[in-house]
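A.B. asks: Below are the structure tokens for one structure; questions will follow.
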Protein chains: 2
Amino acid sequence: MAEERSKVVKAEGFRWPAVDLREYKTEGTHFRGITRRTLLGEGADEQRLNFITRYFEIQPGGYSTLERHEHPHSVVIIRGEGEVILGDRVESLAANDCVYVAPMTFHQFHATGDEPLGFLCIVDRERDRPQLPTDEDVAALRRSEDVARRLKT
Amino acid sequence: MAEERSKVVKAEGFRWPAVDLREYKTEGTHFRGITRRTLLGEGADEQRLNFITRYFEIQPGGYSTLERHEHPHSVVIIRGEGEVILGDRVESLAANDCVYVAPMTFHQFHATGDEPLGFLCIVDRERDRPQLPTDEDVAALRRSEDVARRLKT
């Protein structure tokens with residue numbers, strides 16, 4: 001493996017000029033107003049990282065896909081306010097809050113404030129693909145009133 | 001392995017009431033005004049994470065230990081301003097800047113602004129121990145004028 005070079009990826013507010021905007025999803029799933037950027041881990045000269053540091057941003061009123069997977073997420077909120085569905089619960093989110101999304105927990109992030117909800121989400125480089133809920137899964141989740149009120153599918 | 005539960009670790013500014021302050025170092029190395037917290041990854045119910053999300057905060061004028069190791073760092077600045085020595089270079093740091101510290105690069109973070117420099121630093125759960133520089137390493141680093149001006153040993 002080639003020797004890798006340390007570097008700084010400069011920010012301008014919540015944009016990183018050297019980082020490309022990525023499609024959030026390439027397949028037809030249910031989400032709204034969300035963008036994804038990989039800050040560190042996918043570059044050819046960043047292969048020694050076993051984990052990928054991404055930045056997601058959800059516009060006010062937007063939300064991520066409801067999904068689950070075996071790999072856990074480590075999330076740190078760095079902008080705005082929101083709520084997250086974590087299985088049968090809904091929790092509020094604000095700057096510097098951290099979220100542990102455990103394996104196989106259905107989760108969905110919502111931007112509920114006036115500014116976008118922005119968060120870092122770190123995952124293993126090698127990881128399983130997200131699973132979408134079945135109709136039965138959605139019905140089970142909706143048994144929680146809090147979740148039923150917030151859920152978008 | 002027990003089933004793990006998703007959760008939110010709430011913040012109050014740059015403090016997380018549920019998270020303990022950890023000693024930055026337990027051995028006598030050269031640093032000043034720095035604290036460490038593990039936000040996610042070290043809890044008994046967070047063992048599925050293969051990486052650890054830590055928060056370091058350096059008081060104005062303070063600095064971290066000059067060191068290197070085989071494991072890389074993924075760093076995101078979330079508070080204040082600073083500079084980082086990365087081998088033979090010094091780079092400025094501000095909010096949302098990301099730093100890739102490649103394997104075996106000597107590095108040292110400095111808080112240069114009026115408020116503390118705070119940053120997330122994500123590392124592999126299983127990793128090698130930091131190596132301190134020899135006198136010869138320090139002499140080599142000091143050949144860079146920028147590094148010589150900033151370096152604290």
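The values are calculated or read from the model by the stated rules, or taken from the named source; none is laboratory data. Computed from a prediction, not measured in an experiment: that's the story for all the values here. Cβ: placed from backbone, ideal geometry, glycine included. Neighbour counts: every protein chain shown.
A.B. asks: Report, by residue number, each residue of region A:18-74 that is within 12 Å of the chain's Cα centre (by Cα), within 14 Å of chain B (Cβ to nearest Cβ) and outside any strand (DSSP E or B).
C.D. replies: Answer for region A:18-74, where residues must be within 12 Å of the chain's Cα centre (by Cα), within 14 Å of chain B (Cβ to nearest Cβ) and outside any strand (DSSP E or B): A:Leu66, A:Pro72.
A.B. asks: Residues being buried (at least 24 other Cβ atoms within 10 Å of the Cβ) and either more than 8 Å from every other protein chain (Cβ to nearest Cβ) or over 18 Å from A:Gly61 (Cα atoms) (or both): count how many of those fall in region A:81-98. Steps first, please.
C.D. replies: Of all residues in region A:81-98, those buried (at least 24 other Cβ atoms within 10 Å of the Cβ) come to A:82, A:84-85, A:93, A:98.
Filter once more, keeping what is either more than 8 Å from every other protein chain (Cβ to nearest Cβ) or over 18 Å from A:Gly61 (Cα atoms) (or both): A:82, A:85, A:98.
Here the count works out to 3.
A.B. asks: When you go through (1) in contact with a Cys (Cβ under 9 Å, 6 or more places away or on another chain); (2) farther than 28 Å from B:Gly43 by Cα one by one for A:Phe56, which number turns out not to apply?
C.D. replies: Exception for A:Phe56: condition (2).
A.B. asks: Another one. Are any residues in region B:1-51 among the β-branched types (Val, Ile, Thr), modelled with pLDDT under 95 and either buried (at least 17 other Cβ atoms within 10 Å of the Cβ) or out of contact with any strand residue (DSSP E or B) (no Cβ under 8 Å at 6 or more places or on another chain) (or both), and if so, which ones?
C.D. replies: As a first pass, look at region B:1-51 and keep what is among the β-branched types (Val, Ile, Thr): B:8-9, B:19, B:26, B:29, B:34-35, B:38.
If we keep only those that are modelled with pLDDT under 95 too, we end up with B:19, B:26, B:29, B:34-35.
If the condition is that a residue be among the β-branched types (Val, Ile, Thr), modelled with pLDDT under 95 and either buried (at least 17 other Cβ atoms within 10 Å of the Cβ) or out of contact with any strand residue (DSSP E or B) (no Cβ under 8 Å at 6 or more places or on another chain) (or both), then B:Val19, B:Thr26, B:Ile34 are the ones that fit.
A.B. asks: Same structure again: For a quick check of your reading of the model, give me the residue pairs whose first member lies in region A:14-25 and is closer than 21 Å to B:Ile78 by Cα, whose second is at pLDDT below 95, with beta-carbon atoms closer than 6 Å and at least 6 apart or on different chains.
C.D. replies: Every condition considered, the pairs that remain are A:Leu21/A:Thr35.
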